[in-house]
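Notes for the one structure printed next.
The values are calculated or read from the model by the stated rules, or taken from the named source; none is laboratory data. Not measured: the values here are computed from a predicted model. Here the Cβ positions follow ideal geometry from the backbone for every residue, glycine too, while neighbour counts run over all protein chains shown. Surface accessibility is based on the protein's heavy atoms, side chains included, excluding ligands, DNA and RNA. Shrake-Rupley method; radii C 1.70, N 1.55, O 1.52, S 1.80 Å.
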Amino acid sequence: MVMMMALVLMSGLIFLAGTSSLRSTRETQTTAVELDHTRAFYAAEAAVEEGSEELRTLLENVIDPSSDQVAGLVRPTIGEYTIENFDVDKVGPLTQENITAGDYQGLIGFVQRYTIAARAQSGKRSSQVWREIQHQFIPLFQFGVFYENDLEIFPGVAMTFVGPIHTNANLYMGSGASIACNSTVTAVGYYYHYRKDNGVDEAGPVTVTNGFGVPQNVWRGSYWLDERRPTWQQDALALWTGNFRDRSHGLTTLRLPLPPTDNQHKIIERPLPGDNATDRNAKYWYKASVRYLDGAITDSSGAVISMPGVFSYTQNQFTDARESRVVDVLNIDIGAMIAGGYSPPNGIMYVSHTNGDRAVVRLKNAATLPVGGLTIVTDRPLYTQGHFNSVAKKGAALMCDAITLLSPNWNDALSAGTMSARIPTALTVNACVMAGHVVTVGTTYSGGLENSFRFLENWSGVTVTFRGSIVHLWSSVYNIGSWRYGSPVYNAPRRVWGFDTDLLQPGNWPPGTPRVQTVQRGAWKQIS
């Protein structure tokens, strides 16, 4: 009986041991399967991310790649894992839409979509991951202010900004008076409250409106909240709910559709025999339906056209006190152009000349512009004399090496005299301006955004009204004199400047409005 009980007990123990061993084996097998699946998932995700960077590089150098170029992206190699499938596809046509993904949501853009899918195998398991990539082209004049290089804003009087502010470099922003930013502020570099030229923090309030419409001050009671604070990244997100971001928040660069190594000044330069497809797509010479080149006037087909009374050239016409040079001027009479029926059919005119040793271009009689708007592009310094686009405002752009605003009271004969003799009258300019500037070097201040328009008169107490967009994508090549304030150059006007909110509607954009591009990640999912 004892032996039988012992046998029964031993049988039970053997059964329990067998069951436990079987359970352990099954758990080990299940764990191994789960581990293989996890490894496969991460390998597939890594392949998709590597493919995304390959695609980004391609899109930065080829604006509109063919399906074969896209499909030809190299299948990634991920360690010991097998990438069973790797597919990159161009999806649908370029579409205009409100951007809802990426760093620049809320703007209107043109979006080309791509998809990347990868299936990876680990052991006996595989997993597939899918991602959408958006190649976004954003019309540039939706920004109130846009800079390629460091953006410095240090006005001596109160300034309010309505439109988005962006720089592809560092942002230095403060004021002895006040600054109020009522839209987004973004910097691909870092934000600093102090001045770049001397490191001083000015005491005026700087506010940026958050996503709830509440202005929040950069001054936090005992410190300025900028990149110097260890908690800047999280504090900025909490305070401005994404309306104020910089490199700490992973922002991507916005550039014209040119290779990353190209100087963006190229778009206003003359055509060259070696221009490739990308150059031809970017340069405004090829876009213009009226072209003036050293006295020859042609249309977009190259046929010679006549525009009597529109262009006139005078050597040594007036003195630019900032440049300390006498300039050789090609004058363009916009009123005569309209009256003669010579307006460019597509609204874009390209002008360049090299006459004299200091060739510049000046617009006159331009208070009224042609129906449909006007974009004037030159590789030379541009001067506007008198009101510009002040009557029945239309979409207009001025794109040039550097821009100087001359009042309706400007007199060439007084330009070489004392500044006190150059007395302006009030001026109105409605335009999107894309021009160059002279950057801050050491303690020599660039003049900042508040001096992005150059002046040559004693503007004290006189108002300059500006509505439009201010864009600086390059350093000036020709007008490179450093910013100087006071005699003998100029005194500042009363600035009534602002973003033209009409530019939020595509129908009001100037002819040939340029687009900047960015590549953004869109939707993501694990398929299996």
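Given that compact globular proteins tend to follow 2.2 N^0.38 Å, what is the ratio of the alpha-carbon Rg of region 355-414 to that value?
1.18
Taking 8 Å as the Cα distance limit and 6 or more residues as the minimum spacing, I'd like the relative contact order of the chain as a percentage.
Worked out over the chain, it gives 14 percent.
Cα centroids of region 438-483 and region 121-146: how far apart, whole angstrom?
37
Please report, largest first and rounded to whole Å, the three semi-axes of the ellipsoid equivalent to region 300-367, where each semi-axis is the square root of five times an eigenvalue of the C-alpha gyration tensor.
So the three semi-axes of region 300-367 are 25, 14, 10 Å.
Quick one: the Cα spread of region 115-241 along its three principal axes, in angstroms, biggest first?
68, 34, 32
How many times 2.2 N^0.38 Å is the alpha carbon radius of gyration of region 55-150?
1.36
Which three lengths, in whole Å and largest first, does the chain cover when its Cα atoms are put on their principal axes?
In descending order, the Cα extents are 132, 62, 38 Å.
Let me know the volume per residue of the alpha-carbon convex hull for region 408-490, in Å³.
Values: hull volume 9.3 nm³, N = 83.
Roughly 112 Å³ of hull volume per residue.
Write down the Kirkwood hydrodynamic radius of region 33-110, to one decimal in angstroms, obtained as one divided by the mean of 1/r over all alpha carbon pairs. It would help to have the intermediate numbers written out before the result.
On the way: mean 1/r = 0.0675 Å⁻¹.
For region 33-110, inverting the mean 1/r across all distinct Cα pairs yields 14.8 Å.
Kindly provide log₁₀ I(q)/I(0) values, in the same order as q = 0.24 Å⁻¹, from the Debye equation applied to equal alpha-carbon scatterers of region 343-387.
-0.94
How would you order 496-509, 275-288 from highest to lowest mean count of nearby Cβ atoms within 10 Å?
Ranked from most to least packed, the peptides come out as 275-288, 496-509.
Counting every Cα pair in region 108-181, what percent are over 17 Å apart?
Value for region 108-181 (Cα pairs over 17 Å): 65 percent.
Can you give me the P(r) profile for region 295-413? Cα pairs, bins 10 angstrom wide beginning at 0, each as a whole percent.
Result returned by the calculation: 13, 48, 33, 7.
At 1.4 Å probe size, with no ligands or nucleic acids counted, give the accessible surface of Cys432 in Å², nearest ten.
Here the residue's solvent-accessible area equals roughly 0 Å².
If I take all pairs of Cα atoms in region 143-211, what percentage of them are more than 17 Å from each other? The partial results should precede the final answer.
Values: 869 of 2346 pairs.
Cα-Cα pairs in region 143-211 separated by more than 17 Å: 37 percent.
Once you have the alpha carbon radius of gyration of region 173-265, what is it after dividing by 2.2 N^0.38 Å, with N set to its residue count?
1.18
Between Asp201 and residues 5 or more places away or on another chain, which pairs have amide H atoms under 5 Å apart, with H built 1.01 Å from N, and which residues are they?
Long-range HN contacts for Asp201: Arg195.
For region 436-528, how big is the tail of P(r) above 22 Å, as a whole percent of Cα pairs?
Value for region 436-528: 51 percent of Cα pairs lie more than 22 Å apart.
Rg/Rh for region 211-281: what does it come to with C-alpha atoms and Rh from Kirkwood? Before the final figure, lay out each step's value.
Details: Rg = 19.8 Å, Rh = 15.8 Å.
Across region 211-281, the Cα-based Rg/Rh ratio is 1.25.
Taking only Cα atoms, what is the 0 to 90° angle, nearest 10, from helix 2-61's long axis to the longest principal axis of the chain?
Helix 2-61 sits roughly 20 degrees off the main axis of the chain.
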